[in-house]
Amino acid sequence: MKNWRNTLAIILVIIFGSALFYVGTDGFRAFTAESARTYELLKDKPVFPDVTLQDSQERTYSFDEFAEGKIVFLTFMYTSCTTVCPQLEMNMADVYEAIPKKYIGKDILFLSISFDPERDNPETLAKYQTYFGSDGETWRMARINDKKELDSLLKRLGVIVIPDGNGNFTHNTAFYLIGKQGHLMEILDYTKIEDAADTVIAMLGNETGG
């Protein structure tokens, strides 16, 4: 009888603990700080803030002027990065190539935003984009010179950028999909190229009717 009570107690503890974990993680979906942040962002679907971009061709315009009611596939990077950023942009290039050409420029645009505007001037961005096949039009690389605007954008989309004091940054990395109305629609794993491309193509099909 004692063993049975002990077994029952253990079972109840496991069930109760699992229930608490389920509630605390919103159905097991928010089990890490990063996944929790992503989950909350996708629930809220924040609007892309009003920021001014300066691209590799020294053109200056607002994000809304750039997007013009199109879906925007977005990354955040800095050109001095020697770790994850080059892989991020190479994977972005693979997604770009996987999208049917009929959509590129007409229904979707690609944008890489530097969070290191002091060093990533138009000349630097123009050189950097050649490494990945960015055409400077349907896929642009740009910076945001206004620090308040940049900080607002990073905060709004949950992008963590921490300078290390030596010119480098610790930061999280993902693909971001901004919908035609300017809302965040998806945050995608940048290492899963096929999944990202499939998600984009499905969204484009839904938005355009085929």
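The values are calculated or read from the model by the stated rules, or taken from the named source; none is laboratory data. Just so you know, these numbers come straight off a predicted model, no measurement behind them. Reconstructed Cβ throughout: ideal geometry from the backbone, glycine too, with neighbour counts over all protein chains shown. Accessible surface areas use protein heavy atoms only, side chains included; no ligands, DNA or RNA. Shrake-Rupley method; radii C 1.70, N 1.55, O 1.52, S 1.80 Å.
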Here is a list: Lys102, Lys155. Which entry is basic (Lys, Arg) and farther than 23 Å from Asp50 by Cα? Lys102
What residue, of Asp107, Asp146, is among the acidic types (Asp, Glu), open to solvent by 50 Å² or more (accessible area, probe 1.4 Å) and on the phi < 0 side of the Ramachandran plot? Asp146
Some residue of region 72-82 being open to solvent by less than 40 Å² (accessible area, probe 1.4 Å), in contact (Cβ under 8 Å) with a residue 24 or more places away in the chain and out of contact with any Phe, Trp or Tyr (no Cβ under 8 Å at 6 or more places or on another chain): no
Taking the stated definitions as given, is Asn166 of a type in the set (S, T, N, Q), in a loop (DSSP other than H, G, I, E, B) and open to solvent by 60 Å² or more (accessible area, probe 1.4 Å)? yes
Scanning region 97-145 residue by residue, those basic (Lys, Arg) and under 18 Å from the mean Cα position of the chain (by Cα) turn out to be Arg140, Arg143
Within region 196-208, identify whether any single residue is free of Cβ contacts under 8 Å to residues at least 60 places away in the same chain, within 20 Å of Ser80 (Cβ to Cβ) and either touching a Pro at 6+ places or on another chain (Cβ under 6 Å) or open to solvent by 10 Å² or more (accessible area, probe 1.4 Å) (or both), and answer yes or no. no
Determine whether region 20-42 contains at least one residue that is at pLDDT below 75, more than 19 Å from the chain's Cα centre (by Cα) and among the β-branched types (Val, Ile, Thr). yes
What number of residues within region 121-143 are open to solvent by less than 40 Å² (accessible area, probe 1.4 Å), in a loop (DSSP other than H, G, I, E, B) and farther than 20 Å from Ala174 by Cα? 1
Tell me which residues, restricted to region 173-191, are farther than 22 Å from Asp94 by Cα and not polar (S, T, N, Q). Lys180, Gly182, His183
Would you call Lys148 outside any loop (DSSP other than H, G, I, E, B) and more than 19 Å from the chain's Cα centre (by Cα)? yes
Test each condition in (1) farther than 18 Å from Ala197 by Cα; (2) open to solvent by 70 Å² or more (accessible area, probe 1.4 Å) for Gln54 and report the one that comes out false. (2)
Sole residue being in a loop (DSSP other than H, G, I, E, B) and over 26 Å from Asp50 (Cα atoms), chosen from Thr173, Thr191: Thr191
